Amino acid sequence: MRNGTPGFQPGRLVEARDSRGLSQIALANLINRTSSSISRWEGGNQSPEPEALDILARALNLPMSFFLQPQPKHGDNPMFFRSMAITTQALRRRTCSRLHWAEDIALQIQEWLDLPEVDLPQATVSDYREICDEDIESIATECRKRWKLGMGPIADMLLVMENAGVCVVKEEVGSATMDGLSHWSEIDQRPYVLIASDKDACVRSRLDAAHELGHLILHRHVKEKSLVDKASFKEVERQAFLFAGAFLLPAESFSVEVWSPSLNSFLSLKERWKVSIGAMVKRCHALGIVSDEYEQRLWKHYGARGWRKSEPLDDVLTVESPRLLNRSIRLLIDENVRTREQLLDDFHLPASDVESLCGLPRGFMTSTEADLVVLPRIKGNAFVSNPDGEVGISNAELINFPVRGEKKE
């Protein structure tokens, strides 16, 4: 690499440009340079002079140190996108870069914290065509048993995934055609999921999360070269949807509650199962509860009610949020392991990106101690003992984030 800035990492420029959703031409216009200059910088044939790098950093809203950091090698495991057929390449590159930034943040956090251990069953096949529907139903049931979820409705889908070691990010991606993507990082052997919050309805978010969980479990070892055409992508998507339905609506329990496979009966079950009416229609067809003809009739009435854009209760059910990265950042700050300023230096990212990727309130990473609101505390006599003699305020399972170096019980 001739001249320029010593230590400049070309891949970081590509990543930054993709994350901001810019083409080479758009970035060149933004900094008053030629697109051929951007191309040479990204190709590693030349690096920008310090002055040009400063202009680049300002235009992309990133610290200059970001461009000097070697990229962690997260591996070439396939990234699976919902709506692969209708998402643009630019949108895919943007969300891939965003997820890689979340992976980078999690890697840095793991220098100080032990995140929940990864506990996902795996389909070991490298060819998706070797996976049959019966296997998918069995694996979904195995997950519930493995995580002691029972066969009833899942209270919080994202919490279940995070307790199993999945790192979940939820943020707006700027398009209604993108639902989510997932990826296994080869560095920490941890699964990562990004869920788009552009259409942030509870039931849609839960289905997207369960769908990505299906990819992580079923398709981890699938080789990207086997996904050669639209039919291949369509089949792996169908398999992930089948897993999502089987996991959220187990055959042995959900089918018992479907006393009549009608839209009204599905509506009565929606609040309990927190699954869309449309997903229930598909699940009943997959289980053989309704025939092909009856399913089409249901979809016709479904459309006539105007439910394709939004269903009843979509604006009532509480939307779930990830906790893992949010609580990890807060724990490091609260326990004086790192300050906000130190974390931003560690991540080499601006506060706005860290807040968005980690689900933190806007301004959190730039707040001073004087800016923080002092929250009320629960009185000591408010704690009650349960029948087992344990003291607490609820029986909810929480994610444990021990600080690295602490002695584990």
Practice problem: Sort the range 44-130 into rounded, prolate or oblate with this rule: let a ≥ b ≥ c be the square roots of the eigenvalues of the Cα gyration tensor; rounded if a/c is under 1.5, and if a/c is not under 1.5, prolate when a/b is larger than b/c, oblate otherwise. | Solution: oblate
Quiz prompt | Gyration tensor (alpha-carbon) shape descriptor, the range 80-304, a/c threshold 1.5 | solution = prolate
Self-check item: Global size of the chain as Cα Rg and Dmax, reported in angstrom
Solution: 23.4, 74
Quiz item: Relative to the longest principal Cα axis of the chain, at what angle does helix 277-286 sit, 0 to 90 degrees, rounded to 10?
Solution: 70
Quiz item: Going by the alpha-carbon gyration tensor, a ≥ b ≥ c the square roots of its eigenvalues, is the range 246-291 rounded (a/c under 1.5) or, if a/c is not under 1.5, prolate (a/b greater than b/c) versus oblate?
Solution: rounded
Quiz item: Ranking T339, T141 by Cβ neighbours within 10 Å, fewest first, what do you get?
Solution: T339, T141
Quiz item: Out of residues 5 or more away from V169 or on other chains, whose amide H comes under 5 Å of its own, with H placed 1.01 Å from N in the peptide plane?
Solution: V193, L194, I195
Self-check item: Antiparallel content of DSSP bridges confined to the range 74-216, in %, to 5
Solution: 60
Practice problem: Mind giving me the nanometre distance, one decimal, between the label points for V319 and L107, set 7 Å out from Cα along Cα→Cβ? | Solution: 3.0
Self-check item: Gain on full stretching of the segment that runs from D135 to E341 - 0.36 nm per residue minus C-alpha separation
Solution: 69.3 nm
Self-check item: Rounded to 5, percent antiparallel among DSSP beta bridges of the chain
Solution: 65
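Quickly estimate the mean residue ellipticity at 222 nm for the chain, helices only: each DSSP H run with n ≥ 4 gives -39500 (n - 2.57), and the total goes over all residues, rounded to 500.
-13500 deg cm²/dmol
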Quiz item: Ratio of the range 110-164's C-alpha Rg to 2.2 N^0.38 Å, to two decimals?
Solution: 1.39
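Values quoted throughout were computed directly from the atomic coordinates according to the rules given, and no laboratory measurement underlies them. Nothing here was measured: the structure is a model prediction, and the numbers come from that model. Cβ atoms come from the backbone with ideal geometry, glycine included; neighbour counts cover every protein chain shown.
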